[in-house]
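First up is the structure itself, then whatever we jot down about it.
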Amino acid sequence: MSDFLLELLSEEIPARMQVGAREELERLFRREMEAAGVSVGEITVWSTPRRLALIARGLPDATQAVSEEAKGPPEGAPDAAIDGFCRKNGVTRDQLELRDVKGRNTWFAVIEKPGRATKDVLAEAIPAIIRDFSWPKSMRWGAASLSTESLRWVRPLSGIVALLGDEVVECEVHGVTSGAVTLGHRFHHSGDITIGNADDYAVKLRAGHAIVDHAERQDIIRSGAAKVAADAGLKLVEDEGLVIENAGLTEWPVPLLGRFDEAFLDVPPEVIQLTARVNQKYFVCEDSAGKLANAFVCTANIEAADGGAAIVDGNRKVLAARLSDARFFWEQDRKTPLAQQARKLSRITFHEKLGTLDDKVDRVAKLADWLVFDAKAPNGDHKLARMAAELSKADLVTEMVGEFPELQGLMGGYYARAEGLPEEVADAIRDHYKPVGASDEVPTAPTTVAVSLADKLDNLLSFFKIDILPTGSKDPFALRRAALGYLRLVQANNLKLELDQVVHAWASKPLPALAEKLADFLLDRLAVQLRDEGVRHDYIQASRAWQGRTDMRVDRVEARARALTSFMDTDDGANLLAGYKRAANILKKEDWHGIEGEISRTGEEDPLALVDDPDMKAVIDAKMAERHARDLSYTPEPAEKALMDALATAQPQAAKAIAAEDFAAAMAALASLRAPIDRFFDEVTVNADEENKRANRLDLLATFRAAVHKVADFSRIEG
C-alpha cells in the first residue's frame, strides 16, 4: 500500500474557482481509479492560488487480476461470426470453450486480465484528469495555442508533481513532464523544492512559505484579522465569504490593519463596507459603540521587513481613491430629489411585454394604497404607502446604485431620509425588497409591509398574466423568491388576504383564472416551505380547497394543515383516517353519492360547499328530511344509531369551528367520530339484504365522508 501525491502547478487560479476545482479534481481522480479497478480510500484535496494538490492514502500496489467471460455465437455459426467474436475479445479460436446453453452448444471466450501496477494506471489517469478538467473559464497559451486541439486550463500549467510512495509517476501533458520538483512562495522562496513523498509535501512547502491547506489559511486570516482589530481597540466585522476569498488569494496570509481618513465616515457605512469588500477585499471594523470605524484589515501575501507599513500605506491610498468615488456619488445623488429621479424610470424597460419601470411603479403604488386603505392588510396610512411605493425604485437610476447594484433600496432609504421625507417612507423604500431569502429579516412596519407585498405581488401577477412561470431549475425573474417573500410577510404579520380580491384590485377587474394560478403557485411554495417544519405535503393538499375551490387565503391553508398535522399524530387521527378510507372505498365500489349526488346539479366541486347559502339551505334541508324520514322506517342497530347521533353532534360543532377558523376545534369534533365509526364497521352490515337498510347505511357513510371533507379532504392524505 502506498500514498499518492498529485500537484498541478500553474499561474494564479482565481479565488472564486478554487472550491469547484477541488471538487472537480477529486471527482475525476475517483472516476479514473474506479474505471481501472483501483480501490480508493481517504482523499485530501488542497488549493492555493498557484496549485491544486491531491493526496490519496493507501492505494494498492497493483490492481487485481480478473477473469471475464463473454458469450459468443452457437456451434455451427458462420466462420465470419466466430472470427469477429474472437477479434472483439482479443482471443484465438483455440482459446474458445464450448458450453451447453439450454441444450445447444455455444462458444464462450474466457478472458484473463492480469493485474496492472497502480503506477501504470496513474500514469494514464493523470493526463486524462488534466484534459477533462472543467473550469468556468479556461485558456490556451504558447505556440501550441494556435491549434484547437491544444490543452485548455484555467491558467498556464507549469508543473506536475506525481509521486506514488517515493517514486515518480512518469507522464507528460502538453509538454509538461511530471516529476518531484515544485516551487514555494513566489517571493519568499526562489529555489526549487524537491518532494520526497506525500507525507513531507505540506511540510516542505511550509518551509518554502506556502501553506497548502486552504482551511488552515482561512483560520489564520479569521483569527489574525480579529486580533489586529482587537489590538487597536476595535471589533472586526465578520465576513466569512471574505475570509475564504482572501485565503484563495494568498499562500502565506498576513492580516494587517490600516486607517483611512475619518472624513469618509460621512458616507453611509454600507457603502464604505461594500467599497472595501468588493473592490479591495478588505475587512472593516467597528468601534466600541458598534459604529463603523475608520479602519480596515487587508491580507498581505508576504511578511514584510517593516512589519507591513509600506503595504498598509499602499492599500490605504487605493482605498482612499475608491472611497473618494463613493463620496462623490453620495454627494451628487443627493442634489436630485427622489421624485425627480423617479421620472427617469420611464426610460427603462421592465419587460418588453410589461412596459417600463415607471409602469411597474404605478401598479405597485396603486396596490399598496389598496392594501392599506381597503384591505386593511396591513392597517396603516395609505398616503404614506403610496408615496413610498412611488419612490421605491428611484434609486435605481442613481450613480451609487449604478456602481453598487447591491445597494438598491438601501440607498433610496438614505436619500429619502436626507431629503427630509417621513421616516416611515424612508424605511419602506429601504426595506421593500425584504425578505430576500429564507433567513432574511421580515418587515413588520405597516408602510413597509404594504410596499413589499405590493412589489412582490406585482412581480408574480405581471409575469403570470403573460404566462411566464418558473420551469424546473430556471427562474430568471425570481418568482419563487417573490412567492416565499409573500408567504413570510403574511405569516409574520398575521395577514388574511383574499388573493382573488388582490387580483381584482391589481387589474381593476376580476380575473378568476389569474387568481387561481397565483393561489396554486403560492400553495405549492407553501408546501415546500413547511416541509422542513414537519408539515407533510399531503396535509397541504388536503387543506387547499375552501367552499369548493382553491382557497384564496394561504394563511387559512397553513392553519388547517398545521392543525391536521397535530391531529394526525394522534391515535384518533390515524384511526379516523383508516375509517374514512374504508367508508370512501365502500362508497366508491357501490358508486354511491348519497345526498351529495342529489344536489350535485349545483355545479359545485364540493356538493356541500353551499350548505350555508340561504338559497340552497331549503333544498338541502328538504333532502336531509326526506332521508331522515326513510331512516325511521326501520329500527337502527345500536352501532348504527350511535354513529347517527355522533354525526348529529359532531357536524354542527365542526361547522361552527370552521366558521370561526378554529381548525384545532374542528379536528377535535371529528375525533368524536373515531369510536362510533370503528364500532359501526365492527357490528353493522352495510350491504344488508333489505334495500332500505342498505341505502340508509350507505347514506350514513356518505354523511360521515361529507362531515370529514368539511374539515379537510382526507382523500388526499397518504397512508
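The values are calculated or read from the model by the stated rules, or taken from the named source; none is laboratory data. Since this is a predicted model, take the numbers as computed values, not measurements. Every residue, glycine as well, gets a Cβ built from its backbone with ideal geometry; the counts of neighbours run over all protein chains shown. Remember, those area values only see protein heavy atoms, side chains included, never the ligands or the DNA or RNA. Shrake-Rupley method; radii C 1.70, N 1.55, O 1.52, S 1.80 Å.
Can you pull out every residue in segment 244-267 that is part of a helix (DSSP H, G or I) and among the aliphatic types (A, V, I, L, M)? The answer is I244, A247, A263, L265.
Reported count of residues in segment 312-323, each being in contact (Cβ under 8 Å) with a residue 24 or more places away in the chain and open to solvent by 50 Å² or more (accessible area, probe 1.4 Å), is 4. Looking at this structure, is A583 in a helix (DSSP H, G or I) and open to solvent by less than 10 Å² (accessible area, probe 1.4 Å)? So A583 fits the description; yes. Restricted to segment 241-251, and to residues there that are among the β-branched types (V, I, T) and open to solvent by less than 40 Å² (accessible area, probe 1.4 Å), the residue that is farthest from R277 (Cα to Cα) is T250. Contact annotation: residue pairs with Cβ atoms under 7 Å, 6 or more positions apart or on different chains, pairing a residue in segment 30-46 that is without any contact (Cβ under 8 Å) to a residue 40 or more places away in the chain with a partner that is surrounded by fewer than 14 Cβ atoms within 10 Å (Cβ to Cβ), are G37/Q64; G41/G58.
If I filter segment 110-123 down to residues being outside any helix (DSSP H, G or I) and not β-branched (V, I, T), which single residue comes out as farthest from A35 (Cα to Cα)? Within segment 110-123, the match that is farthest from A35 (Cα to Cα) is E112.
With respect to the stated conditions, A666 is among the small types (G, A, S), modelled with pLDDT of 90 or more and crowded, with 18+ Cβ neighbours inside 10 Å.
Conditions tested, residue by residue: (1) open to solvent by 50 Å² or more (accessible area, probe 1.4 Å); (2) at pLDDT below 95.
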| residue | (1), (2) |
| --- | --- |
| R334 | yes, no |
| Q341 | no, no |
| L345 | no, no |
| L357 | no, no |
| D362 | yes, no |
| A365 | no, no |
| W370 | no, no |
| A375 | no, yes |
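For segment 377-408, the candidate set comprises residues that are without any contact (Cβ under 8 Å) to a residue 24 or more places away in the chain and within 19 Å of K434 (Cα to Cα); within that set, the residue that is least open to solvent (accessible area, probe 1.4 Å) is V401.
Might you let me know whether segment 467-478 holds any residue that is in contact with a Lys or Arg (Cβ under 7 Å, 6 or more places away or on another chain), at pLDDT below 95 and open to solvent by 10 Å² or more (accessible area, probe 1.4 Å)? Yes, because at least one residue in segment 467-478 is in contact with a Lys or Arg (Cβ under 7 Å, 6 or more places away or on another chain), at pLDDT below 95 and open to solvent by 10 Å² or more (accessible area, probe 1.4 Å).
State whether the residues of segment 518-529 include one that is open to solvent by 10 Å² or more (accessible area, probe 1.4 Å), under 25 Å from V372 (Cβ atoms) and not β-branched (V, I, T). Yes, the conditions are met somewhere in segment 518-529.
The residue pairs whose first member lies in segment 58-85 and is more than 30 Å from S2 (Cα to Cα), whose second member is outside any strand (DSSP E or B) and charged (D, E, K, R), and whose beta carbons are closer than 7 Å, counting only pairs six or more residues apart or on different chains, are I82/R93. Among the residues of segment 192-240, those that are open to solvent by 50 Å² or more (accessible area, probe 1.4 Å) and part of a strand (DSSP E or B) comprise D192, T194, K235.
Restricting attention to segment 45-61, the residues that are open to solvent by 40 Å² or more (accessible area, probe 1.4 Å) and in a strand (DSSP E or B) total 2. Scanning segment 1-42 for residues that are under 14 Å from W135 (Cα atoms), among the small types (G, A, S) and surrounded by fewer than 16 Cβ atoms within 10 Å (Cβ to Cβ) yields a single hit, G20. Residues of segment 309-327 that are in contact with a strand residue (DSSP E or B) (Cβ under 8 Å, 6 or more places away or on another chain) and within 14 Å of R277 (Cβ to Cβ): N315, L319.
Checking each residue in segment 124-149 for being assigned to a helix (DSSP H, G or I) and either open to solvent by less than 40 Å² (accessible area, probe 1.4 Å) or farther than 17 Å from T177 by Cβ (or both) picks out A125, I126, P127, A128, I129, I130, D132, A143, S145, L146. Among the residues of segment 409-436, the ones that are open to solvent by 30 Å² or more (accessible area, probe 1.4 Å) and touching a residue at least 40 places away in the same chain (Cβ under 8 Å) come to 8 in all. Scanning segment 569-580 for residues that are open to solvent by 20 Å² or more (accessible area, probe 1.4 Å) and not polar (S, T, N, Q) yields D569, D571, D572, A574, A578. Only one entry of K235, K281, K291 meets the criterion of being touching a strand residue (DSSP E or B) at 6+ places or on another chain (Cβ under 6 Å) and among the basic types (K, R), and that entry is K235.
Using beta carbons and a limit of 8 Å, which pairs, at least six apart or on different chains, have the first residue in segment 104-123 and over 30 Å from F29 (Cβ atoms) and the second one assigned to a helix (DSSP H, G or I)? That search, which allows pairs on different chains as well, returns W107/I82; W107/F85; A109/F85; A109/C86; A109/N89; A109/Q95; V110/Q95.
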